[in-house]
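Below is one structure, written out as structure tokens; comments come after it.
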Amino acid sequence: MGDVIDLTGDGGVIKTVVSQAKADAIAPTEDLPLVDVHYEGVLADNGEVFDTTHEDNTVFSFELGKGTVIKAWDIALRTMKVGEVAKVTCKPEYAYGSAGSPPDIPPDATLIFEVQLVACRPRKGSSLGSASEERTRLEELKRQRELAAATKEEEKKKREDAKAAAAARIQAKLESKKGQGKGKGKAK
């Protein structure tokens, strides 16, 4: 894991980089305020998962700075680049505070999120020169995902072929042992 960074100066939002983004990755800006993230949130007290996008492989999208998410996310996501994965620890005053978010998040809960910044986009209707760059980057990301899926499928096929070959060898061995026993019957 990477360095531990106190993003607020009071220990309220702590970021630890789990996986670095590529050096040329883009980050959220005024022109690219819409972000897409994958995340898993757990309660710091007991490690219980209270929310995740991983189970259904969805992406959570929101606009930074609009108050639609907890303060810690607005703060932390501004420091991330596309492709980066970070662990973000949020004290209650930067999360749901003394009210909590029943029934899943109790009052005064410290939360830990593992967040991956998947994409940054302009607002709908924005004319932006870098929108074509973003489109190109997203196409590249799609191509990389397809390559990863193809590789995974290829590995699965190799495992299945290896299992089939092993089963055939075992079957051949069994058949040869059956053949050895014929004609050597014991006299009674």
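The values are calculated or read from the model by the stated rules, or taken from the named source; none is laboratory data. The structure displayed is predicted, hence computed values, not measured ones. Neighbour counts run over all protein chains shown; Cβ positions are idealised from the backbone, glycine included. To get the accessible areas, we keep the full protein, side chains included, count just its heavy atoms, and leave off ligands, DNA and RNA. Shrake-Rupley method; radii C 1.70, N 1.55, O 1.52, S 1.80 Å.
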Select from the stretch 50-73 the residues that are under 22 Å from residue 20 (Cβ atoms) and modelled with pLDDT of 95 or more and list them in ascending order. 72, 73
Residues in the stretch 13-44 that are surrounded by 12 or more Cβ atoms within 10 Å (Cβ to Cβ) and part of a loop (DSSP other than H, G, I, E, B) total 11
Which of (1) modelled with pLDDT under 95; (2) open to solvent by 50 Å² or more (accessible area, probe 1.4 Å) does residue 130 not meet, given it meets every other one? (2)
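Yes/no matrix, rows are residues, columns are (1) in contact (Cβ under 8 Å) with a residue 60 or more places away in the chain; (2) closer than 15 Å to residue 13 by Cα; (3) surrounded by fewer than 18 Cβ atoms within 10 Å (Cβ to Cβ):
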| site | (1), (2), (3) |
| --- | --- |
| 68 | no, no, yes |
| 74 | no, yes, no |
| 82 | yes, no, no |
| 106 | yes, no, yes |
| 117 | yes, no, no |
| 121 | yes, no, no |
| 149 | no, no, yes |
Return the residues of the stretch 1-12 that are at pLDDT 90 or above, part of a loop (DSSP other than H, G, I, E, B) and on the phi < 0 side of the Ramachandran plot; say none if nothing qualifies. 7, 8, 10, 12
